[in-house]
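After the structure tokens below, expect a handful of questions from me.
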């Protein structure tokens with residue numbers, strides 16, 4: 001990787017982002033607000049008891065497939081090189097991530113490496129902390145981080161950020177196929193609904209739930225890691241100065257473990273992000289399974305010494321009463 005993820009780049013030049021064309025702005029709006037419209041329609045259908053078990057099953061199955069493709073394939077494998085995968089496993093993971101409707105693997109990885117290099121300082125594509133300290137500035141920052149930045153994305157500079165991925169012909173081809181894969185991502189649930197029910201109504205219901213609602217929820221989970229996980233939550237591990245990455249437990253199921261964002265920014269190349277008790281990380285479980293099946297190798301698992309080197313000391317509360325040593329020692333004599 002060309003940029004060390006625990007150090008600010010020595011080259012602080014930031015390429016000016018090209019002004020997005022009206023056509024690109026329109027496509028971005030459709031990608032963001034189309035799934036939202038579908039989610040609203042699905043909520044109405046659910047209220048009217050028109051959603052079926054097949055609709056929900058297809059939605060959940062595709063959410064798990066595409067979400068883990070994004071977190072294991074795009075994020076931990078391609079962006080951070082947390083493990084190495086055989087060619088078939090690599091292609092399957094990236095293909096599944098491409099169906100998540102969040103962009104091609106090269107652009108996604110370039111933006112994410114840039115985010116780690118400039119976390120919460122000028123140059124970060126989606127920090128919520130660069131719009132001022134006023135209430136209005138904080139609201140603008142949160143909206144920018146949660147998806148607004150996509151309307152004015154930074155220059156990708158792929159040669160700078162992902163030269164290793166550009167050298168992988170499989171990833172280059174999959175990146176170019178992203179528009180087609182986006183169509184497949186919405187067509188697949190519709191075809192599954194038709195196959196399961198044999199009806200047009202079943203096809204439409206599956207398209208609504210397994211297509212639009214699934215994309216909407218996965219987008220919001222990803223955007224929340226960019227926004228909410230830099231605003232709220234715990235910070236048990238030491239990160240660089242200015243880095244506000246936090247652990248936000250409520251996102252664990254929807255974000256497949258990427259919500260343990262503080263540890264991830266402290267040690268970005270680890271394959272496991274949830275390392276403390278009760279920190280569910282289904283992406284790490286998937287990687288562990290793939291390793292046992294010999295489908296991936298060189299997995300960067302955490303060890304106790306490494307974690308402790310980054311863990312912040314626990315500071316007692318100001319009103320916490322500490323008993324004298326004599327009193328504590330006399331108990332049970």
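Nothing in this text is a laboratory measurement; each read-out follows from the coordinates by a stated rule. Only a predicted model underlies this, so the values are computations on that prediction, with no experimental measurement involved. When we count neighbours, we look across all protein chains shown, and the Cβ atoms used for this are built from the backbone with ideal geometry, even at glycine.
With every atom except the alpha carbons ignored, what do you get for Rg and Dmax of the chain, in angstroms?
21.8, 79
OK, next. For a quick protection proxy, order the peptides 152-162, 22-32, 248-258 by their average other-Cβ count within 10 Å, most packed first.
Answer by packing, highest mean first, reads 248-258, 152-162, 22-32.
Using Cβ contacts closer than 10 Å as the measure, can you line up 94, 275 from fewest to most? Could you put the intermediate results ahead of the total?
Details: 94 27, 275 21.
Fewest to most other Cβ atoms nearby, the residues stand as 275, 94.
Just to verify a number: FRET efficiency for residue 91 and residue 269, C-beta to C-beta distance, R0 = 25 Å, to 0.05?
0.70
Now, a different point. Taking the chain as the reference, fit the longest principal axis to its C-alpha atoms, fit the long axis of helix 214-226 to the helix C-alpha atoms, and give the angle between the two in degrees, 0 to 90, nearest 10.
Orientation of helix 214-226: about 30 degrees from the principal axis.
Would you mind ranking 301, 149 by Cβ crowding within 10 Å, fewest neighbours first?
301, 149
Hey, another quick one. Using Cα pairs closer than 8 Å and at least 6 residues apart in sequence, work out the relative contact order for the chain, in percent.
21 percent
Please work out the Cα center distance from the stretch 63-79 to the stretch 115-175, rounded to the nearest Å.
After rounding, the separation between the Cα centres reads 18 Å.
Hey, another quick one. What distance in nm separates the simple spin-label points at residue 57 and residue 288, each placed 7 Å from Cα in the Cβ direction?
Going from the residue 57 label point to the residue 288 one covers 2.9 nm.
Under 20 Å from the 7 Å Cα→Cβ point of residue 46, by amide nitrogen: which residues of the stretch 202-239?
202-225
Quick check on packing: order 69-75, 134-140 by the mean number of other C-beta atoms within 10 Å, highest mean leading.
With the highest mean Cβ count within 10 Å placed first, the list reads 69-75, 134-140.
Give me the angle, in degrees from 0 to 90, between the Cα long axis of helix 135-145 and the longest principal axis of the Cα atoms of the chain, rounded to the nearest 10.
The angle comes out at about 60 degrees.
A further question on this structure: Which value in deg cm²/dmol, rounded to the nearest 500, describes the helix-derived mean residue ellipticity at 222 nm for the chain, given -39,500 (n - 2.57) per DSSP H run of n ≥ 4 and division by the residue count?
Values: 16 runs with 168 residues, N = 333.
Result for the chain, helices only: -15000 deg cm²/dmol.
Moving to a separate point now. Which length gain, in nm to one decimal place, applies between residue 23 and residue 305 when the Cα-Cα distance is subtracted from 0.36 nm times their residue separation?
Taking 0.36 nm per residue and subtracting the Cα distance, the gain is 96.4 nm.
Given R₀ = 35 Å, what would the calculated FRET efficiency be for residue 184 paired with residue 297, taking r from the Cβ atoms and rounding to 0.05?
0.75
Next question. Can you put 312, 307 in order, fewest other beta carbons within 10 Å first? Please report the intermediate quantities before stating the final value.
Working: 312 13, 307 17.
Starting with the residue having the fewest Cβ neighbours, the order is 312, 307.
On a 0 to 90 degree scale, rounded to 10, what angle separates helix 178-197 from the longest Cα axis of the chain?
Orientation of helix 178-197: about 70 degrees from the principal axis.
How long is the gain from residue 30 to residue 253 if the chain were fully straight, where each residue apart is worth 0.36 nm and the alpha carbon distance is subtracted?
Taking 0.36 nm per residue and subtracting the Cα distance, the gain is 77.6 nm.
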